Amino acid sequence: PIAGFLALIVVGVLAEEIRREDPGTEKMRRIASYIEEGARAFLSREFKTITYFIIPFAFYYGSSYAGRYH
C-alpha cells in the first residue's frame, strides 16, 4: 500500500512536469494531434473488441460459481 501511494505521488509530479513543458512548434503540435487522434481511435476500437470477449466470459465465470459460496 505504501509503495502504491508513493508511486501515485511520483506519477503526479512527473505528469505536472510534462504538462508545464513547451508544446513545441505548430508543426509539432499538429503531428501530436494526429498521434492523439489515432491513439484514441485505436483504444476505442480495442475496448469494443475486448467487450465482446469480456461480457460472455463474465457471465460464464459468474454462472459457474453461482451458489457455491453462501
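Read-outs: derived from the displayed coordinates by stated rules, not from any lab. Model, not experiment: these values are computed from the prediction. Positions of Cβ are generated from backbone atoms using ideal geometry, with glycine treated the same way; all protein chains shown enter the neighbour counts.
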Could you list, in sequence order, the residues of the range 14-25 that are part of a helix (DSSP H, G or I) and surrounded by 10 or more Cβ atoms within 10 Å (Cβ to Cβ)?
-> L14, A15
Within the bounds of the range 26-37, is there any residue that is surrounded by 10 or more Cβ atoms within 10 Å (Cβ to Cβ) and basic (K, R)?
-> yes
